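Structure first, commentary second.
Laboratory data are not the source of any read-out in this text; all were calculated from the coordinates shown. These numbers come from a predicted model, not from an experiment. Methodologically, a virtual Cβ is constructed for each residue, glycine included, from the backbone with ideal geometry; neighbour enumeration extends over all protein chains shown.
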Amino acid sequence: MEIEYTTEKEDVIAFNLYQNFQSPEGRKRKRNAVLGNTLAFFIALLVINIIAANWWISLGIAVVFSIPFAFFINWSLDRSVRGTVSKWLDSGKNTSLLCKHKLVLDEEGLIDTTAFGESRMRWGGMERVKQSDDYIFIYPSSMESIPLKKKLFDSESAAADFYNFAAAHIEKAQRTA
């Protein structure tokens, strides 16, 4: 299997958003951050309002202000990741990352070729493959990914075949390791 693609800034940001917020670990961290901050905000508002007014009015005020606060925290976490990754990418040229790639998958592993070099990774050295609605992420390690837009493929079934091929080979290699 072979695919040619260009890694763009938005692809690196999409990977970081997926890793931080859509992966099982990331969803748990985000949920804890949103709930923890919202609970702290709710309790602070409740205490301040109990001192100044009666119990039921205080509870109502705390609830009314805490709900939008939870949405704000959720939005600000996404925005923070986008901004941080964007600044990291803008701080250098990143020519070997943000460039045209030719990715070939075969029975032994994958070959990633760019104008700057070629790397061969065997399936046994791969961490995992995951997918979101828009991307397939091949993880050579837990800290990096090859982000492939699903729209690069001729059809949804071609993207599914690509994903299934990589997933089956990674799983097989990990079972035999």
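Against the longest principal axis of the chain, how steep is helix 156-176, in degrees 0 to 90 to the nearest 10, with axes from Cα atoms? Compared with the principal axis, the helix lies near 80 degrees. Karplus-based coupling profile of region 87-104, in residue order and whole Hz: 5, 4, 5, 6, 7, x, 7, 6, 5, 7, 9, 8, 8, 6, 10, 10, 10, 10, with θ = phi - 60° in 6.51 cos²θ - 1.76 cosθ + 1.60 and x standing for Gly or Pro. Straight-line cross-link partners of Lys150 among the aspartates and glutamates, defined as a Cα under 16 Å from its Cα and at least 8 positions apart when in the same chain: Glu2, Glu4, Glu8, Glu10, Asp11, Asp133, Asp134, Asp161. For region 61-66, 3J(HN,Hα) computed residue by residue from phi via the Karplus equation (6.51, -1.76, 1.60; θ = phi - 60°) reads 5, 4, 5, 4, 7, 6 Hz, glycine and proline entered as x.
Suppose only helical runs count, i.e. DSSP H with n ≥ 4. What mean residue ellipticity at 222 nm does that imply for the chain under -39500 (n - 2.57) per run, divided by all residues and rounded to the nearest 500 deg cm²/dmol?
-19000 deg cm²/dmol
Between amide H atoms placed 1.01 Å from N, distances below 5 Å from Tyr135 occur with Lys150, all of them 5 or more places distant or on a separate chain.
Once backbone amide H atoms are built at 1.01 Å from N, Val129 has Tyr139 as its partners under 5 Å, excluding neighbours fewer than 5 places away on the same chain. Treating r as the C-beta distance of Ile50 and Ser132 and R0 as 45 Å, the FRET efficiency rounds to 0.55.
Rounded to 0.05, the FRET efficiency of the Ile57 and Arg79 pair, given R0 = 30 Å and the Cβ-Cβ distance, is 0.35.
Treat the count of other C-beta atoms within 10 Å as a stand-in for reagent exposure and order Asp161, Asp133 from fewest to most. Mind dumping the intermediate values first?
On the way: Asp161 13, Asp133 6.
Fewest to most other Cβ atoms nearby, the residues stand as Asp133, Asp161.
Taking other C-beta atoms within 10 Å as the exposure proxy, Leu45, Leu35 rank Leu35, Leu45 from fewest upward.
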